[in-house]
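Everything on this sheet refers to the single structure shown next.
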Amino acid sequence: MRYLLSSLLICLGLFVGLAFDAAPAPDDEPPKLTVPEGFQADILYHPTAADSSSWVALAMDPRGRLLASDQHGALYRIEPAPPGSDPATTKVEKLDIAIGHANGLLWAFNSLYVVVNSEEGVDGRGSGLYRVFDTDGDDQFDTIKTLATFEGFGEHGPHSVILGPDGASLYLVAGNHTELPASYRAVVPPVWQEDQVIPALRDPRGHASDRTAPGGWIARTDSLGQQWDLVSIGFRNAYDIAFNAAGELFTFDSDMEWDLGMPWYRPIRVIHVTSGSEYGWRTGSGKWPSYYPDALPGVVDIGQGSPTGIVSGAKAAFPRRYQQGLFVFDWSFGTIYWVGLRPDGATYTGEVEEFLSGVPLPLTDGLIGPDGALYFATGGRRLDSYLIRVSYTGPDDTSPLATTPRPTIQQKLRRRLEMFHIQQNPQALDAAWPHLSHADRFVRYAARVAVEHQPVETWKDHVFAEQDPIRRLYAVIALARHADAAQRDPAFRALLSIDEAGLSMAQQLDLLRAYSLVMIRLGAPEGALRDEVVAFLDARFPEADETLNRERGRLLAALEAPGITGKMLALLAAYSHQAPDDMLLLDDSVTLRSEQYGPAITDMRANMPQPQEIDVVLNVRHVRAGWTLAQREAYFQWFYDALRKSGGRSYVGFLENIRADALEHVPQADREALADLTDSYSAQALNLADLPQPEGPGRNWNRKEINLLMRDELAKPRNLERGRRMYAAALCLACHTMRGAGGAIGPDLTQVGTRFSRGDILEAIDSPSDAISDQYAAALLTMTDGKTVVGRIVGEDDEVVMLNQNPYAPDQQIRVAKADIAKREVSSVSIMPPRLLNRLNGQEVMDIMAYLLSGGDPEHECYTHERGCLWDEDD
């Protein structure tokens, strides 16, 4: 919450630099929880009320005591109140050991493993994996050993650590802003690239614009942290991992909410993590679709949210159906989902149902205790934090499953193939090659990875000698990832020899991806071979299936095939008559729980963009030849309506960048004719002189005065119109949206009052630079000449970084050459300007507070109830 509210007040700037007294205890009501029939939820402890800590990681020691970590502070040990007893009997001890800031905790091998996620940590112990011991048996930790350090911290830094099913290894997950361990064995073939046949767009707001493959990762190590194995890559920001009852690994990966409405948007999803796997996260528009054969798909898509914890139900004293699935936590919408797992060949399919929800309920981490109850924490971003236990009290059988689930035939085969994933083995080719054509995708993938771990010289000739067309297809994919340009023409010939008519739709998509990979890795075809490839692709374009059109059209555009412009524009026109896809948008009953996602999803539902159309204009933007002026007019005219659709925060910026890219390839003579269609749609500088002015007189407000004033003045109806004017006068609307109006530099504030208390808001206002979200932080660039440049990254290419240094003029940018940058860091100072509230009198301050708490809703109790914003509090 502090991240949110520090960003929330980026432009409000109300209280920066003011003097504050110590924060009072939070004045929130406990979260209101909804659980299934037969379950009971007990709030065991309120960390924030005790010492302002906000817990994000949990573990259990052998004595049944919980261990917890404050996101920005110390470690704690908890003895939960016994079931049926007064929760107030829960005992909590702050541990006297110089380590904290943990995103992951694990008790194993008679010690506590701690994953620190911090630039500096406690006593300089920054991001890394540490092992903490009690060496003298006095039940107090006294020794810390560093096992590994990581480069990366923050919301996308190193996260959770768990014990492997073998009882001897540890598994650790890290977000996409975390560099790989210093040394490791690559279970994933170490040949990852961006693999884009059409150049990808970076996020126009600059998020993750400098991050490339492999993205987020999962690694395995031993108890001493000596040997590291890179198990899986291609995640955005998976926070936690868990093994199910069968010993298979799963995670819960995040979406990029700013991509909503774009064809590359990927919802939050549960993923079955197998050996050597890749899941296709790439920055900006480069995210791989789930059907790419050089990656693996998720088990089930859920929608929008912020994934945190994932807990296996295997040891839960819950009805048996829950024991065969996973509990996954969504921070944004305060929801625990149960995902029922059903074996499906070498992997699983999943069914999703809502298990528990609450408002507010920013879920972080959880575990199953020795009593079979689900324990979980809420908090993070300095939000109000709780420790909660969920137990089953109903009549259904809760006895544990009698046996470990038996693996399917395909799972057994996949595991046998995975034995060849770490090192070269002369038996690997004989074992794996026949399964390149296996009907099961996960088996086929495991076989290809096994082949790729062998020297390419030992199997490249097998590719061209292979008679089975399906096996040849996937062998070419392997070859493209490891061979050199000398294999380009034979690889294309091998693909051209495959009769597409005999392939399923999934195999056709895989064939098109194989063509792309050969082009990307080995080079585009030339001469007569190019003509053959173009003729093959063009013969069936366009066709009935949109996904095949997407991949085939992309290849034809990359090859600048004759006539591709006209065909793509005809496809664009056809898509404009189709109803938009709902893109797995959550329903309104869930979106109301979050101020971060909710408004954007509601707006999108009412004004849906067309991702299919966006994909067409994206793919054809670099085609130089074959355009008529009429075609260019139709292309640029399309943006007029598309820019007025609703999407994520980067929606407009992405479309503007697509249009700008396309315009670069337009001859100067045509540019003049198209001038009326190519004007920028971006936000304009805010004219401060046009804003309302406060009546004043102002003063140097402090927190104690504001608290006293709220106690009296918010207990009666406030003035909505004056709140709206002061919201503008204090410059809030320059950076934040309220009820659909305002800027987009900071988060939407419409529902901030439904999620956070007055105490939360004031605590965040107190020190806005203490915790700044990665998504809203400024960059600090140290130049080669020693000078520094600070600003919000709004764009980036291979040569320059574009910065905005004035939040009131979002179109003003400076360009900094990458060659001149010596170091890039996240600025520790919030970009919100100081002391703007000091211009307001007390009544104006109260009207702004009411406006925030009400979300600008004229029907809110702040304006309609006799006790105003304090309508639900006792006298």
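Using the Cβ atoms and a cut-off under 9 Å, what net charge is assigned to the surroundings of residue 198, where Lys and Arg are +1 and Asp and Glu are -1? Show your work: numbers first, answer last.
On the way: positive: 554, 621; negative: none.
Net charge around residue 198: +2.
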Rule-of-thumb Rg ratio for the stretch 260-316 [Cα; 2.2 N^0.38 Å; N residues] = 1.27
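How would 89, 308 rank on accessible area, largest to smallest, probe 1.4 Å?
On the way: 89 70, 308 15 Å².
Result, largest first: 89, 308.
To the nearest 500 deg cm²/dmol, what mean residue ellipticity at 222 nm is calculated for the chain from DSSP H runs of n ≥ 4 alone, each contributing -39,500 (n - 2.57), summed and divided by the residues? Show your work: numbers first, answer last.
Numbers: 25 runs with 235 residues, N = 875.
Using -39500 (n - 2.57) per qualifying helix, the result is -7500 deg cm²/dmol.
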request  = Between residue 695 and residue 354, take the C-beta separation as r, use R0 = 51 Å, and let me know the FRET efficiency to the nearest 0.05.
outcome  = 0.60
remark   = When the charge dipole of the chain is computed with +1 on Lys and Arg Cβ and -1 on Asp and Glu Cβ about the Cα centre, the Cα farthest towards its positive end, among 331, 176, 586, belongs to 176
request  = Could you work out how far apart the two model spin labels at residue 780 and residue 543 are, taking each label as a point 7 Å from the Cα in the direction of the beta carbon, and quote it in nm?
outcome  = 5.5 nm
Cα pair distances exceeding 44 angstrom across the chain, given as percent = 32 percent
request  = Would you mind getting the accessible area per residue of the chain, heavy atoms of the protein chains only, 1.4 Å probe, in Å²?
outcome  = 38 Å²
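Report the full-extension gain for the segment residue 464 to residue 788: residue separation times 0.36 nm, less the Cα-Cα distance, to one decimal in nm.
Details: separation 324, 0.36 × 324 = 116.64 nm, distance 5.50 nm.
Going from the current span to full extension adds 111.1 nm.
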key: Estimated FRET transfer efficiency (residue 797, residue 493; beta-carbon r; R0 25 Å; 0.05)   = 0.10
task = Treating cross-link reach as a plain straight distance, find the lysines whose alpha-carbon is under 27 Å from the alpha-carbon of residue 645, omitting any fewer than eight places away in the same chain.
result = 287, 567
Residue-by-residue Karplus 3J(HN,Hα) for the stretch 189-199, coefficients 6.51, -1.76, 1.60, Hz, glycine and proline x = x, x, 10, 5, 9, 6, 6, 10, 6, 10, x
ask   = When the label point is put 7 Å from the Cα of residue 210 along its Cα-to-beta-carbon vector, which residues of the stretch 174-193 have a backbone N closer than 14 Å?
value = 177-179
message = Straight-line reach only, C-alpha to C-alpha below 13 angstrom: list the aspartates and glutamates that residue 91 could link to, leaving out same-chain residues fewer than 8 apart.
response = 79
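Determine the share of the chain's accessible area contributed by carbon and sulfur atoms, expressed in whole percent, with a 1.4 angstrom probe. Could you put the intermediate results ahead of the total?
Details: 16040 of 33190 Å².
Carbon with sulfur: 48 percent of the solvent-accessible area.
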remark   = Computed ³J(HN,Hα) along the stretch 88-100: with the Karplus parameters 6.51/-1.76/1.60, θ = phi - 60°, integer Hz and x for glycine or proline, the list is 5, 7, 4, 9, 10, 10, 7, 7, 8, 8, 7, 7, x
inquiry  = Quick one: 3J(HN,Hα) in Hz for the stretch 463-468, Karplus 6.51/-1.76/1.60 with θ = phi - 60°, rounded, Gly and Pro as x.
reply    = 4, 7, 8, 5, 8, 6
note = The answer for the net charge of residues other than residue 77 whose Cβ lies under 11 angstrom from its Cβ, with Lys and Arg +1 and Asp and Glu -1, is -1
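Can you compute the FRET efficiency between residue 570 and residue 624 using 1/(1 + (r/R0)^6), with r the Cβ-Cβ distance and R0 = 22 Å? Round to the nearest 0.05. Please list the in-between numbers first.
Details: r = 19 Å, r/R0 = 0.88.
After rounding to 0.05, the efficiency reads 0.70.
The values are calculated or read from the model by the stated rules, or taken from the named source; none is laboratory data. As the structure is a prediction and not an experimental result, all values here were calculated from the model. Neighbour counts run over all protein chains shown; Cβ positions are idealised from the backbone, glycine included. Protein only, heavy atoms only, side chains kept; ligands, DNA and RNA dropped before computing areas. Shrake-Rupley method; radii C 1.70, N 1.55, O 1.52, S 1.80 Å.
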